[in-house]
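The values are calculated or read from the model by the stated rules, or taken from the named source; none is laboratory data. In this text, all values refer to a predicted model and were calculated from it rather than measured experimentally. A quick note on method: Cβ atoms are made from the backbone with ideal geometry, for glycine too, and the neighbour counts reach across all protein chains shown. What goes into the accessible areas is simple: the full protein's heavy atoms, side chains included, and nothing from ligands, DNA or RNA. Shrake-Rupley method; radii C 1.70, N 1.55, O 1.52, S 1.80 Å.
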Amino acid sequence: MSASLEQVGYLETAYRSDKPIADKVIPPKGLWELSIRKGTELPFVKPSSMISTQLALGFKPSEYLEIEDKLASGERHLYWNETILKEEKMSGWGGLYLTTSVVAKFIALYMMPFFFLFYFGLVIFSDASAQDKWEVFFNAVMFIWLPSALLWGQLVLMDKGYFTPWFLKAKKHYELNRKTGMVTLYKGNGKARFSHPFHEFDCILTSSPTPQGAMNYGLFLVHRYNGYSFGVPLHSLMPGSPLVAEYHYLWNMIQAYMDVTSPMPDILVLEEAREKDPTTKAFDDNGQRGTAFGVPAHNVKKGDLLKNPRDSHFWRNMSDDDFEQTLTAIAKNQ
């Protein structure tokens with residue numbers, strides 16, 4: 001790595017697209033790697049301006065505004081910044097708990113009112129004793145409505161950021177570090193399963209048909225030399241898409257992020273981090289944002305949405321409607 005890049009904070013292990021990648025000399029090891037390598041290997045190239053609009057749509061300007069103050073105070077952090085792309089996932093128990101809480105909300109909010117109407121009719125028209133009527137009411141409230149309301153209430157508190165049980169807290173799944181060039185996959189207990197330089201991985205696009213005849217795609221980083229039975233599932237960064245091009249765009253974005261000779265992808269979640277990354281800041285300060293690494297304004301009918309060059313709050317100052325229109329225009333013109 002050149003001295004200039006080292007001096008601005010990138011480590012020797014940081015990935016550079018202008019540095020040759022070693023030839024593969026080791027065949028696949030193990031059934032998992034042998035199976036996944038039947039997919040299509042996407043090449044390492046000099047990254048371009050193309051982005052996955054499906055990924056970009058997952059974080060809107062209104063969502064940024066809701067947490068802007070907490071981001072500024074350090075109370076909240078985005079999953080993607082100038083140093084780390086971090087993907088987290090919830091445990092199986094956490095998913096079960098959330099599903100139960102959603103069912104509890106339905107019971108407390110919709111089913112119990114019908115029960116109370118039924119109980120009111122029971123009180124008026126039934127010949128049952130007062131004791132029997134009271135037991136029906138007591139059991140319904142204590143063993144159905146109250147537990148459901150508590151679960152629902154906890155879900156509301158968690159959504160507002162007040163209280164999250166320890167078993168619902170997401171754990172690190174994998175990290176990509178731009179400054180060090182390292183890719184780390186974690187175990188369920190939060191400890192690192194492996195950590196290797198980005199250039200030692202191959203990107204494999206997999207596909208499999210669904211019972212309905214559509215295609216499911218996956219995008220994995222597979223380590224070239226160690227024969228692990230695990231890969232880094234990059235496709236988890238965005239909702240599943242039937243468009244295979246979105247996975248090519250995602251791979252382009254990952255390369256742009258990890259390549260310290262290129263500016264970071266121009267998307268909302270990374271916008272406030274652009275001035276903190278040396279290569280990206282230099283690119284923007286030179287007036288190139290929205291040109292070589294953006295979609296030129298003439299490609300979009302609503303040209304005022306795509307300023308050339310883009311200002312520092314290009315995405316953040318948009319309404320959600322303009323944001324979606326801009327990404328739709330980008331998707332049509334990539």
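Set side by side, the residues Ser48, Ser148, Ser52 differ, and just one is of a type in the set (Ser, Thr, Tyr) and over 30 Å from His223 (Cβ atoms), which is Ser148. Asn333: surrounded by fewer than 14 Cβ atoms within 10 Å (Cβ to Cβ), at pLDDT 70 or above and in contact with a helix residue (DSSP H, G or I) (Cβ under 9 Å, 6 or more places away or on another chain), yes or no? In short, yes.
Scoring Glu33 on the criteria (1) more than 23 Å from Asn177 (Cβ to Cβ); (2) at pLDDT below 90; (3) open to solvent by 70 Å² or more (accessible area, probe 1.4 Å) leaves a single failure, condition (3).
Taking the conditions (1) at pLDDT 85 or above; (2) open to solvent by 60 Å² or more (accessible area, probe 1.4 Å) in turn, Lys89 satisfies each one other than (1). Every condition in (1) surrounded by 19 or more Cβ atoms within 10 Å (Cβ to Cβ); (2) more than 17 Å from Gly39 (Cα to Cα) is met by Lys172 except one, and the failing one is (1). Residues that are at pLDDT 80 or above, surrounded by 14 or more Cβ atoms within 10 Å (Cβ to Cβ) and either of a type in the set (Gly, Ala, Ser) or in a helix (DSSP H, G or I) (or both) occur in region 178-187; there is at least one. From the list Ser229, Ser208, Ser195, the one residue that fits, being open to solvent by 30 Å² or more (accessible area, probe 1.4 Å) and modelled with pLDDT of 95 or more, is Ser195.
Yes or no: Asp159 modelled with pLDDT under 80, open to solvent by 40 Å² or more (accessible area, probe 1.4 Å) and of a type in the set (D, E, K, R)?
Here the answer is yes, as Asp159 does meet what is asked.
Given the criteria part of a helix (DSSP H, G or I) and within 22 Å of the chain's Cα centre (by Cα), does Leu155 qualify? Here the answer is yes, as Leu155 does meet what is asked.
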